[in-house]
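Below: one structure, written as structure tokens.
The values are calculated or read from the model by the stated rules, or taken from the named source; none is laboratory data. A quick note: this is a predicted structure, and the numbers were derived from the prediction, not measured. Cβ atoms come from the backbone with ideal geometry, glycine included; neighbour counts cover every protein chain shown. Protein only, heavy atoms only, side chains kept; ligands, DNA and RNA dropped before computing areas. Shrake-Rupley method; radii C 1.70, N 1.55, O 1.52, S 1.80 Å.
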2 protein chains.
Amino acid sequence: MNKVEALKKIATRLRIHSLKMTTRAGSGHPTTCFSMADLMACLFFDVMRYNPDDPDDWANDEFVLSKGHAAPILWAAYAEAGIIPMAELMNLRKITSVLEGHPTPRMKWVKAATGSLGQGLSVGNGIALAMKLGRSPGRVFVLMGDGESAEGAVWEAVNHAVKYKLDNLYAIVDINRLGQSEPTMHGHDIKAYEKKFRAFGWNTIKINGHRIEHILVAFKNSREKGRPTVILAKTIKGKGISFVENINGWHGKPLNKDDCEKALKEIGPMPEIDAKKYVKRPKKSNKPRLVKRYDFDRNIYKDATATRLAYGNALLNLGKVNKAVVALDGDVKNSTYNDKFFEKFPEKSFQNYIAEQGMVGMAMGLAAKGYIPFAATFAAFLCRAHDHIRMAAYSFSNIKFVGSHVGVSIGADGPSQMGLEDLAIFRPIPDCVILYPSDAYSAEGCVESLAQSKGMGYLRTTRPKTPLLYSRRDKFPIGGSKVLRNSEKDRATIIAAGITVHEALKAYEELKKEKIQVRIIDAYSIQPIDRRALLKAAQETRNNIVVVEDHFQNGGLGDAVCMALAGQAKIIHLCIKELPRSGTPEELLDKYGINAKHIKKAVKKLIES
Amino acid sequence: MNKVEALKKIATRLRIHSLKMTTRAGSGHPTTCFSMADLMACLFFDVMRYNPDDPDDWANDEFVLSKGHAAPILWAAYAEAGIIPMAELMNLRKITSVLEGHPTPRMKWVKAATGSLGQGLSVGNGIALAMKLGRSPGRVFVLMGDGESAEGAVWEAVNHAVKYKLDNLYAIVDINRLGQSEPTMHGHDIKAYEKKFRAFGWNTIKINGHRIEHILVAFKNSREKGRPTVILAKTIKGKGISFVENINGWHGKPLNKDDCEKALKEIGPMPEIDAKKYVKRPKKSNKPRLVKRYDFDRNIYKDATATRLAYGNALLNLGKVNKAVVALDGDVKNSTYNDKFFEKFPEKSFQNYIAEQGMVGMAMGLAAKGYIPFAATFAAFLCRAHDHIRMAAYSFSNIKFVGSHVGVSIGADGPSQMGLEDLAIFRPIPDCVILYPSDAYSAEGCVESLAQSKGMGYLRTTRPKTPLLYSRRDKFPIGGSKVLRNSEKDRATIIAAGITVHEALKAYEELKKEKIQVRIIDAYSIQPIDRRALLKAAQETRNNIVVVEDHFQNGGLGDAVCMALAGQAKIIHLCIKELPRSGTPEELLDKYGINAKHIKKAVKKLIES
């Protein structure tokens, strides 16, 4: 059997799987899968090189399904490749399966969660950069939808791929003309896409996305030294089933059982072919051993210093002992002080210009390949990347975000530059560590703790200089706090963090003159918060608490303290306390503890206490 | 004096003002102002038509300073036009002046806050659409920086302007080559910008941005029927002062007094010219009278109905009685049910495809001209527009956001599609109303309350059908709540909203069987929360509270309740409770009540209580 015949058969198998899976699940996006079935067959069973035994093989080509709603065909491809059992496909979207409705790294071959559109290409950039850094022979293939190319985030990533000359990166756009609720802006005008990608500096190739021969030739002859390649594939949504092909209104709808039967008849019997035999393995390539130490040299400070500057100093020294650390910037590195790292380690420093979404996506890709990205910008501008940050959490990314210029304390630049809602971005993310230092020493200590922790982390730094409070040897463990003033006569506790710690200390002195003793706590670990210490302080200071923070009223330290001390009102709060997953609504309400059963339990617990 | 000579003189005056203002303020971005001084002189004193007596004159051309950090020259232009007193310029960035560090609508001629880069063009789109809707002869001029064109949000807006054939829209890109921390990606390669804008379908014109003659010709001959125009102006950052011209490292730095003196000598004396005489007034044009009623026909429901569907029904009926209502979509209108409005009122419905930032920016522009935009998408994808939402708050925009598909109750699509942090986006925004209905009737009632309120609002809707709880006549005032079950024997209160109200009711029935009476509160008004009702319920039910919500632990209803009931721990929370502004750090810490003085006061209040 020749290759083209074989790939056609595999494509048909992928279509049949996608169809059956979604009908069985009762939800999903089969027509979206059909338009890209031929592309997927070529990619997974001829173009790409990967070791089916090891998702982390350093030589693997990597695949990112940017149009995450096409997850069924991704799972089908992995099943055909022998990576997951064929029977598992019928568990699509079940609460017991890693084959979720949209891909997440719960399935080990997925390097980043997708499903919020327009993000995959930036992740691909990060992976491509990591491959270049670590001398992997691998390439990255990002399969995108045409609808999602309306997202600005795509054009940030398109720009960055040119800037970094990512000739190991391929974007494939599945141009099937139809969005969710109506035709896309450009429909089947492939040239409209070609013009845009070309104008941004990409190598572009137009093909018929259903002609196996075209697809193979496109990949074979396309790689160009020094720039990324996009394959613009004209496709038909629903291709292969006459009564859904190219018809608006079929997005995100599975076929019912009867239609499924009808479709299966039209497609014909499952072609017999062992797709596993067509998987191409890569040559061996060794993963670079990256020494990862966290005990960097701490600096000595003499005078008041901005925590953002101390962060920059610490990152520089961390970079000297930890080879996995990389830094990202959105053209504010002379304000965040990421510039110190940039100067010392230009090869591990990535300039994204003013494009925070692309920066975070790139960080996701770098983290997926084992690097530890420190992505810094003004805290306010992390709002721009909120959706990417959210998806980084679902990707279990080990990224350290740094937001400088927080609060009104930045002064005259005005509200657009003030980070006043940044804590509200990071606090909802389960297990995301949030540290907020108040002086240069605690800033360096927080960098150490944050770098050492695995997973999502956020460091909040301040623009103005603040006086020194701690010493070079002090530790700032995650979940801790520091009692800065206390006596047995304390009549209230002031809980502060960052710049307001210094205001609290001033208030302490003034109150002291009036013979009013108060306790001062530096709650530098905003999340997890040091609940035990706060409770103890409350009990010892007549339950009088003042929380003071340079952040909007809701979403920050005040909320955290109120929740930690909820008391009079004995409060049980039922809500989503971990990163959720696919399942039925009923299963999920139960799993995450917000249904009638859990409410009943909570009530009983309260009234029996 | 001929026009070119006059405009040159005015440009010099603008430069001198910008220089003096920033040196006096001790902060700001003078070099950024110098590169665009000639463009500003031409725009404000020849190209644009506006009535200096009325910022809301319907015939006015509108100006959006997308590169908000150039605020000083904007204020200078308004002073030269006679709109603000010349002496006021020296109050730049003072806490007492509306001339903030970055523009906000506290200064009445500013239609949207800018300073978070890449947003201005989308606002311009909205204004241009509003002008077309309301038959204004006005045009919109958006002055952008080259650095900000790296933002994906710009390319969303570039796309939308073509889609809507906005030939009343001009973008002007001040290509001065230098970003904040290093040169931009394209430097002075004007053709790189030309290629991109052309590929997206714009009419493009390249000019030398310092040649008055070129600028005037560009605007004179450029307007093209059916598509927007961009003027790509090659400029020099710092133009006019030899020792800062075209030098990296001068971004965001005022000249010190000596350098300022030196620069003023170089520039020469303030040219004598009365710029006011060059202001061009528009012909009279009447603002359309938009009937704004809110008492729309409520629908009758028989069975369980999704709140998102009831929202769609309500919006349709609201549109029939309120001519100011417009709707925006990001290609999910068949899920949010904005599609009902789209079908009935296509001329007032705006498709942004999958580009949420562009959608929110467009809504800001429409709101600035008096329309009431309902911008709907999946709640999760509002994260994509978080920064635009933040800036809409600083713009005091009257926008109603609608987020559907909240929480794990969406089911099998998985986490990327679940809105679990949306409350955390809107709760920090001071005075932002958040309503979260639990059935079809409350959904319609919430739409009425929200539409009637002025300012930022958010409606949270649910994917699955939920049973009916209320009637067609029930009102859902902002700040209210509904007690759904209560007795004198209640031993605990369950506070819920949206889908968990129904879980709470189920728990109620089961607990009742075990002779445990509980109170059930539907806290549909998440913000402001009905604190009085919650306190009363807590007191009457032995202070036992269960909060249950389909949202992450932090940032949502739980935080709101904990803060409302903070008690045992008497807690005073000092933080930023309103939208802040420019000033010195010390002034701002004081104004917003988070410095030592306020801490001291809070402590005394607590211990004396």
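Some observations on this one:
- Under the Debye formula (equal points on every Cα, no solvent term), log10 I(q)/I(0) of region B:154-307 at q = 0.14 Å⁻¹: -0.94
- Listed by chain and number, the lysines whose alpha-carbon sits under 16 Å from that of B:Lys591, ignoring those within fewer than 8 places in the same chain, are B:Lys94, B:Lys577, B:Lys600, B:Lys601.
- Calculated SAXS-style log₁₀ I(q)/I(0) at q = 0.12, 0.23, 0.24 Å⁻¹ - region A:426-531, Debye, Cα scatterers: -0.41, -1.20, -1.27
- Relative pair counts by distance (%), Cα atoms of region A:465-508, 5 Å bins: 5, 15, 28, 27, 16, 7, 1
- In Hz, Karplus ³J(HN,Hα) per residue of region B:253-258 (6.51, -1.76, 1.60; θ = phi - 60°; x = Gly, Pro): 10, x, 7, 6, 4, 5
- Simple Cβ-charge dipole of the protein assembly as shown, Lys/Arg +1 and Asp/Glu -1, about Cα centre, in debye nearest 20: 100
- Förster radius 45 Å - calculated FRET efficiency between B:Glu266 and A:Glu509, Cβ distance, rounded to 0.05: 0.35
- The trypsin sites (Lys or Arg not before Pro) of region B:20-110 that meet both conditions, a loop assignment by DSSP and at most 13 other Cβ atoms within 10 Å of the site Cβ, are B:Lys108.
- At q = 0.12, 0.25 Å⁻¹, base-10 log of I(q)/I(0) for region B:538-609 (Debye sum, equal scatterers on each alpha carbon): -0.51, -1.10
- Over region B:8-142, Cα pairs under 8 Å with separation of 6+ residues give a relative contact order of 28 percent.
- By the Cβ distance rule of under 4.7 Å, chain B has these cysteines without a partner: B:Cys33, B:Cys42, B:Cys260, B:Cys383, B:Cys432, B:Cys446, B:Cys575.
- A 1.4 Å probe run over the protein assembly as shown, with the rest of the protein chains in place, finds 32 Å² accessible per residue.
- Cut-off under 5 Å, modelled amide H: who pairs with B:Ile576 long-range: A:His551, A:Phe552, A:Gln553
- Dividing the radius of gyration of the alpha carbons in region A:80-219 by their Kirkwood radius gives 0.98 for Rg/Rh.
- Estimated FRET transfer efficiency (B:Val321, B:Lys489; beta-carbon r; R0 51 Å; 0.05): 0.65
- Compactness of region A:352-418 - radius of gyration and Dmax, Cα, Å: 12.7, 41
- Calculated on the alpha-carbon coordinates, the convex hull of region B:462-591 measures out at 156 cubic angstrom per residue.
- Amide H contacts of A:Leu484 (H built 1.01 Å from N, under 5 Å, at least 5 apart or other chain): A:Ile520, A:Ile521, A:Asp522
- Within region B:452-517, trypsin sites (Lys or Arg not before Pro) in DSSP loop having at most 12 other beta-carbon neighbours inside 10 Å: B:Lys454, B:Arg473, B:Lys475, B:Lys489, B:Lys515
- Region B:334-446: proportion of alpha-carbon pairs further apart than 20 angstrom, %: 42
- With the charge dipole of region A:220-316 set up from +1 on Lys and Arg Cβ and -1 on Asp and Glu Cβ about the Cα centre, the Cα lying farthest toward the positive end among the listed residues A:Ala233, A:Trp250, A:Ile267 is that of A:Ala233.
- Out of every Cα-Cα pair that region A:286-342 contains, those further apart than 15 angstrom amount to 53 percent.
- For the protein assembly as shown, calculated [θ]222 nm from helices alone, where every DSSP H run of n ≥ 4 adds -39500 (n - 2.57): -11000 deg cm²/dmol
- Pairwise Cα distances in chain A exceed 50 Å in 17 percent of cases.
- Semi-axes of the equivalent ellipsoid for the protein assembly as shown, computed as √(5λ) from the eigenvalues of its C-alpha gyration tensor and ordered from largest down, come to 42, 40, 32 Å.
- Under the combined filter of DSSP loop state and at most 15 neighbouring Cβ atoms within 10 Å, region B:295-400 retains these trypsin sites (Lys or Arg not before Pro): B:Lys302.
- Value of Rg to Rh for region A:92-156 (Rh from inverse mean 1/r over Cα pairs, i.e. Kirkwood): 1.03
- Across region A:274-373, C-alpha contacts under 8 Å between residues 6 or more apart give a mean separation that, scaled by the residue count, equals a relative contact order of 24 percent.
- Kirkwood radius for region B:263-394, taken over all pairs of different Cα atoms as the inverse mean of 1/r, rounds to 17.6 Å.
- Per-residue 3J(HN,Hα) values for region B:146-151, derived from phi via the Karplus relation 6.51 cos²θ - 1.76 cosθ + 1.60 with θ = phi - 60°, read 6, x, 6, 6, 6, 5 Hz in sequence order (x marks Gly and Pro).
- Per-selection Kirkwood Rh - region A:25-152 (Cα, Å, 1 d.p.): 14.9
- Computed from the Cα positions only, the extents of region A:319-392 along the three principal axes stand at 32, 27, 15 Å, in decreasing order.
- Panel note: the C-alpha atoms of region A:520-577, placed on their principal axes, show extents of 32, 28, 18 Å (largest first).
- Computed from backbone phi, the HN-Hα couplings of region B:27-32 come to 7, x, 10, x, 5, 5 Hz, rounded to whole numbers (Karplus: 6.51 cos²θ - 1.76 cosθ + 1.60, θ = phi - 60°; Gly and Pro given as x).
- Each residue, B:Glu5 and A:Arg473, gets one label point 7 Å from its Cα in the Cβ direction; the gap between the two is 7.7 nm.
- Remark: for residue pairs A:Lys163/B:Lys163; B:Lys108/B:Lys287; A:Lys206/A:Lys239; A:Lys320/A:Lys344; B:Lys195/B:Lys234, the C-alpha separation exceeds 21 Å in A:Lys163/B:Lys163.
- For the pair B:Arg223 and B:Glu245, a Förster radius of 30 Å applied to the C-beta separation gives a FRET efficiency near 0.40, rounded to the nearest 0.05.
- Exposed GluC sites (Glu not before Pro) absent - longest run of chain B, DSSP non-H/G/I/E/B, at most 14 other C-beta within 10 Å: B:1-271
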